[in-house]
Amino acid sequence: MTSVFDHAWLTGVFGDRQVAAHLSAEVQLAHMLRIEAAHSRSLGNEAAARAIETAQLRPEDLAEGTAKDGVPVPQLVRCLKAQISPELHGDIHRGLTSQDVMDTAFVLSLKDILPIFRQGLIALQADLAQLTQAHGAASLMGRTRMQAALPITVADRIATWHMPLERHLARLDEVCARVLCVQCGGPVGLGADGAALAAALGLAEPDKCWHAMRDGFAELANWLSLVSGSLGKMGMDISLMTQQGVDEMRLRAGGSSSAMPHKQNPILAELLVTLARYNSVQLAGMHQALIHEQERSGAAWALEWMILPAMLHSTARGLRAAQELLAQVETIGA
């Protein structure tokens with residue numbers, strides 16, 4: 001097993017197909033080719049751009065070169081030049097570096113993924129509003145430190161699930177403005193003007209290339225962990241409310257037990273807690289990845305590849321699981 005997100009059966013619990021599609025090797029390769037073509041076009045070489053756009057490359061063509069070079073871009077450039085007339089080679093990848101291509105390719109995937117989160121948050125808010133309308137007036141025992149305190153309403157508890165989502169949406173707007181930027185710094189971050197490339201790709205142009213300034217991705221990771229944490233709080237509450245003997249919530253469906261047929265396990269509620277805890281652990285790694293030496297780091301940069309895609313998976317799956325869970329609610333409160 002390499003990852004629960006793409007494992008043959010565990011992906012049914014943890015995976016998110018939309019995010020997986022946008023992060024696939026095929027899509028990343030298509031993004032890298034799009035970037036190389038747009039860059040050649042910005043240099044005024046339309047023939048080179050068209051040749052790149054019609055090149056035939058497969059992800060497996062980059063595997064051996066990536067193992068040798070540590071990044072796929074040198075092999076990508078070699079493959080392109082092998083298919084394109086030598087007179088066009090001068091404007092293929094000229095002035096770019098591997099990090100420019102890989103960072104920008106990942107940002108292009110983020111440009112497609114972040115709206116999925118926005119839609120999920122908006123849909124979840126609507127589901128919670130509907131739940132409040134249907135059950136909000138019912139009474140619950142308020143609990144502090146897991147002990148009975150004073151009576152509250154269902155609406156009071158749902159409000160603690162609902163209100164952070166609006167703040168997460170506002171934060172997402174801020175994150176997008178700082179993350180959806182082209183990378184066009186060249187060998188030491190002092191490359192040519194990236195305005196043309198940014199415009200061609202529909203991305204913002206940063207004040208300076210961000211090869212060694214990774215706070216944008218760290219901020220995104222923080223946002224992902226915040227969203228997962230809010231969903232985990234909801235999952236924890238629902239796990240406790242559905243507990244036999246407490247019986248403050250009843251679900252229409254749950255997970256079965258192989259040994260105890262009478263049980264109906266709150267699988268989706270538990271999953272929200274697991275995903276929240278997973279993302280909170282990954283966040284420390286993304287903060288480690290902030291520490292780049294001089295103008296570029298191989299070690300810190302590669303750490304992002306291992307962590308950030310998994311956090312995107314976790315958060316997307318959490319949003320979908322939360323909606324599925326709320327659809328299972330039959331009764332809440334007294």
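The values are calculated or read from the model by the stated rules, or taken from the named source; none is laboratory data. Since the structure is predicted, the reported quantities are computational estimates derived from the model, not experimental observations. Please note: Cβ atoms are built from the backbone with ideal geometry, for glycine as well, and neighbour counts cover all protein chains shown. Quick note on the areas: whole protein, heavy atoms, side chains included, nothing else; ligands and nucleic acids left out. Shrake-Rupley method; radii C 1.70, N 1.55, O 1.52, S 1.80 Å.
One table, with the values for the structure above:
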| quantity | calculated |
| --- | --- |
| Span from the the range 228-255 Cα centroid across to the the range 103-175 one, whole angstrom | 15 Å |
| Within the chain, helix-based [θ] at 222 nm, where runs of 4 or more DSSP H residues each add -39,500 (n - 2.57), nearest 500 | -20500 deg cm²/dmol |
| The range 135-269, Rg to Rh (Cα coordinates; Rh as Kirkwood inverse mean 1/r) | 1.22 |
| Along principal axes, Cα extents of the range 1-150, largest first, whole Å | 79, 36, 24 |
| Loop-located trypsin sites (Lys or Arg not before Pro) in the range 25-111 whose Cβ has at most 16 other Cβ within 10 Å (DSSP) | Arg94 |
| Folded to 0 to 90 degrees: helix 73-83 orientation relative to the chain principal axis, Cα | 50 degrees |
| Sorted largest first, extent of the chain alpha carbons per principal axis (Å) | 78, 42, 33 |
| Å² of accessible area per residue within the chain, as computed with a 1.4 Å probe and no ligands counted | 48 Å² |
| Accessible area of the chain belonging to carbon and sulfur atoms, whole % at 1.4 Å probe | 56 percent |
